[in-house]
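Trainee: I have a structure here, written as structure tokens, and I will follow up with some questions on it.
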Protein chains: 2
Amino acid sequence: MKFRRSGRLIDMTNYFIQNPQRLIPLTHFADKYDSAKSSISEDMAIIKQTFEQQGIGTLVTLPGAAGGVKFIPRVPTEEAKKFVAELCEMVAKPERLLPGGYLYLTDILGNPRVVNKIGRLFASFFAERKIDVVMTVATKGIPLAYAVAQFLNVPVVIVRRDSKVTEGSTVSINYVSGSSKRIQTMLLAKRSLAVGSNVLIIDDFMKAGGTVNGMISLLEEFEAHVAGIGVLVESEDIEERLVDEYISLVQLKDVDVKEKQIRVQEGNYLNYL
Amino acid sequence: MKFRRSGRLIDMTNYFIQNPQRLIPLTHFADKYDSAKSSISEDMAIIKQTFEQQGIGTLVTLPGAAGGVKFIPRVPTEEAKKFVAELCEMVAKPERLLPGGYLYLTDILGNPRVVNKIGRLFASFFAERKIDVVMTVATKGIPLAYAVAQFLNVPVVIVRRDSKVTEGSTVSINYVSGSSKRIQTMLLAKRSLAVGSNVLIIDDFMKAGGTVNGMISLLEEFEAHVAGIGVLVESEDIEERLVDEYISLVQLKDVDVKEKQIRVQEGNYLNYL
């Protein structure tokens with residue numbers, strides 16, 4: 001089928017958006033559209049320009065026989081700031097307060113559009129790092145981990161707190177929860193993570209960091225490396241944080257159960273932009 | 001900023017792909033591009049034509065003041081058949097066999113690209129139904145549920161087997177697992193589902209259907225309606241299936257632990273195309 005330029009631009013844009021961080025040989029498009037590589041290169045220049053102007057991301061071209069073009073999703077600083085402010089507003093709603101000072105975040109984490117935006121933000125931030133896999137712990141972090149992994153084009157592995165027969169053999173560790181000081185267990189299916197992997201840890205909430213720290217210990221068992229840590233919400237009132245380097249989008253300042261007030265501020269994400 | 005047609009086509013395509021099943025007023029684009037509505041209508045006709053030719057989906061235009069345009073993702077029959085065949089091949093790999101005849105599916109469910117394709121398939125199938133929310137049970141069904149929900153532009157609710165303090169008050173039911181005949185509990189946060197919702201149930205695996213049946217009982221507590229049921233893999237050797245109407249992508253025919261053989265066939269999805 002012969003394509004006009006407009007058709008090619010639409011179809012290529014769809015392909016790039018659906019396949020972020022994937023190296024696509026130019027011949028893929030040249031063959032599909034039965035077009036000269038020079039026309040495809042012109043198309044890509046137009047797409048790259050629009051993607052950059054509109055803050056969608058960029059196209060990176062790698063030359064040579066093994067080369068091709070790769071779409072890297074990006075979130076412009078202004079858009080990131082605006083979205084983090086929206087997140088702060090969402091999290092600060094007093095009706096989220098649960099008995100014991102816990103926060104109900106299930107609706108935020110249940111909204112695929114919000115979750116996808118969070119994923120794009122983290123993926124944009126960690127785009128330059130070498131990441132083989134995104135790791136999270138069941139259950140609440142799972143949608144966030146998938147959203148990030150999708151934009152980074154890498155798989156997800158899920159750490160569990162209980163063993164399941166459908167996981168096969170597992171590696172388990174004990175760790176001390178940072179806030180409650182209780183000893184807990186977490187485990188990961190042996191075959192779900194290759195030795196030496198570079199791992200991005202994603203979670204929904206970090207208090208003292210015991211859970212994240214547990215995941216780091218688990219990674220040592222797989223001789224894997226921490227490529228980065230991203231959390232949606234971190235809580236503030238922590239004497240001793242067990243984890244040093246991490247990126248947060250929202251920081252909980254103060255939860256007043258009696259007055260039904262939640263004070264939040266932007267996480268450290270914006271400091272790095 | 002003035003846009004040329006090529007820039008508009010690229011930016012609009014990105015917007016549609018990122019916002020499936022969302023009604024977008026024409027003025028959104030006319031304002032953004034500082035263009036006449038007639039130009040935008042021409043752009044949309046080109047995009048619609050390409051989307052349909054390339055099997056991406058379609059654009060539906062609703063007239064009137066409250067109208068606009070909506071992108072409905074679709075999977076063409078040929079592509080669906082090819083993908084289901086690929087899934088069957090993946091599931092049938094003998095190295096998936098775990099002790100007890102269980103199957104290791106974690107790698108398939110951990111691959112965002114595969115998960116997204118599954119999501120697009122189910123969303124395409126259920127596109128005409130009235131669906132307010134996608135429901136699944138923790139843990140393995142979660143990525144599939146989000147993938148489907150994303151293409152349907154609805155939220156996800158997650159049923160749990162244990163109570164969490166961050167969920168607030170919950171509604172719980174007891175149900176009988178279909179295969180092991182054991183009594184089990186599942187629960188859902190009270191505020192996570194509005195009364196009378198139309199719910200699409202998505203899960204990774206169905207044996208006799210006890211878990212799905214449990215979710216249906218739970219929905220009755222919320223006076224909610226089952227809008228559809230979709231499972232990735234169903235197992236065959238079932239005397240009495242507890243659930244009648246469901247869509248499956250892969251059907252397990254026979255698992256021979258001794259010979260290390262897994263026989264699969266296409267699920268009933270293709271019968272409905």
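Trainee: Could you work out the mean count of beta carbons from other protein chains within 10 Å of each residue's beta carbon in A:10-23?
Mentor: The per-residue average across the peptide is 5.
Trainee: Per DSSP H run of n ≥ 4, the term is -39500 (n - 2.57); total these for chain A, divide by its residue number, and report the mean residue ellipticity at 222 nm rounded to 500 deg cm²/dmol.
Mentor: -11000 deg cm²/dmol
Trainee: Enumerate by residue number the GluC sites (Glu not before Pro) in the stretch A:200-267 meeting two conditions: DSSP loop (anything except H, G, I, E, B), and at most 16 other Cβ atoms within 10 Å of the site's Cβ.
Mentor: Of the GluC sites (Glu not before Pro), the ones in loops of the stretch A:200-267 whose Cβ has at most 16 other Cβ atoms within 10 Å are A:GLU223, A:GLU236, A:GLU239, A:GLU240, A:GLU245, A:GLU259.
Trainee: Indicate the gyration tensor shape class of the protein assembly as shown (rounded, prolate or oblate), computed on the Cα atoms with a ≥ b ≥ c the square roots of the eigenvalues: a/c under 1.5 is rounded; otherwise a/b larger than b/c is prolate and the rest oblate.
Mentor: rounded
Trainee: How large is the dipole of the protein assembly as shown about the Cα centre if only Lys and Arg carry +1 and Asp and Glu carry -1, each at its Cβ, rounded to the nearest 20 debye?
Mentor: 860
Trainee: Something else about it: Per 5 Å bin, what percent of the C-alpha pairs of the stretch A:5-73 does each bin hold, from zero upward?
Mentor: 4, 18, 32, 29, 14, 3, 0
Trainee: How high is the relative contact order of the stretch B:93-154, given as a whole-number percent (alpha carbon pairs under 8 Å, six or more residues apart)?
Mentor: 35
Trainee: Something else: Quick one: compute a quarter of the convex hull surface over the Cα atoms of chain B and quote it in nm².
Mentor: Its Cα hull, projected and averaged over all orientations, spans 16.9 nm².
Trainee: Explain nothing, just the number: relative contact order of chain A, from Cα pairs under 8 Å at least 6 residues apart, as a whole percent. Before the final figure, lay out the partial values.
Mentor: Numbers: 497 pairs, mean separation 39.2, N = 273.
Relative contact order here is 14 percent.
Trainee: What ranking of A:LEU242, B:LEU62, B:LEU87 emerges when the number of other C-beta atoms within 10 Å of each C-beta is taken as an exposure proxy, fewest first? Please list the in-between numbers first.
Mentor: Values: A:LEU242 20, B:LEU62 11, B:LEU87 23.
Taking fewest neighbouring Cβ atoms as first place, the list is B:LEU62, A:LEU242, B:LEU87.
Trainee: Name the most mobile residue of B:ALA30, B:ALA189, B:ALA147, meaning the one with the largest mean-square fluctuation, in a Gaussian network model of chain B with Cα contacts below 10 Å.
Mentor: It is B:ALA30.
Trainee: Report the antiparallel proportion of the DSSP beta bridges in the protein assembly as shown as a percent, rounded to a multiple of 5.
Mentor: Counting only bridges with both partners in the protein assembly as shown, antiparallel ones make up about 50 percent.
Trainee: Within the set A:LYS81/B:LYS140; A:LYS190/B:LYS81; A:LYS117/A:LYS258; A:LYS190/B:LYS258, which residue pairs have Cα atoms separated by over 26 Å?
Mentor: Correct reply: A:LYS81/B:LYS140; A:LYS190/B:LYS81; A:LYS117/A:LYS258.
Trainee: If you don't mind, another one. Mind checking A:150-156 for the average number of partner chain beta-carbons within 10 Å of each residue's beta-carbon? Show your work: numbers first, answer last.
Mentor: Details: counts 8, 1, 1, 2, 4, 10, 7.
Going residue by residue through A:150-156 and averaging, the value is 5.
Trainee: So how do A:ARG4, A:ARG241 line up by other beta-carbon neighbours within 10 Å, fewest first? Before the final figure, lay out each step's value.
Mentor: Working: A:ARG4 11, A:ARG241 15.
With the sparsest Cβ surroundings first, the list reads A:ARG4, A:ARG241.
Trainee: Another question, then. Within a Cβ distance under 15 Å of B:LEU200, other residues only, what is the Lys/Arg minus Asp/Glu net charge?
Mentor: -2
Trainee: Over the whole of A:98-109, what's the average partner chain Cβ count within 10 Å per residue? Rounded to a whole number, please.
Mentor: Mean number of neighbouring Cβ atoms from other chains: 4.
Trainee: Given a 10 angstrom Cα cut-off, can you work out which residue in A:MET12, A:MET206, A:MET135 is the most mobile in a GNM of chain A?
Mentor: A:MET12
Any read-out appearing in this document is the output of simple, stated calculations on the displayed coordinates, not a laboratory observation. A quick note: this is a predicted structure, and the numbers were derived from the prediction, not measured. Cβ sites come from the backbone with ideal geometry, for glycine too, and all protein chains shown count toward neighbours.
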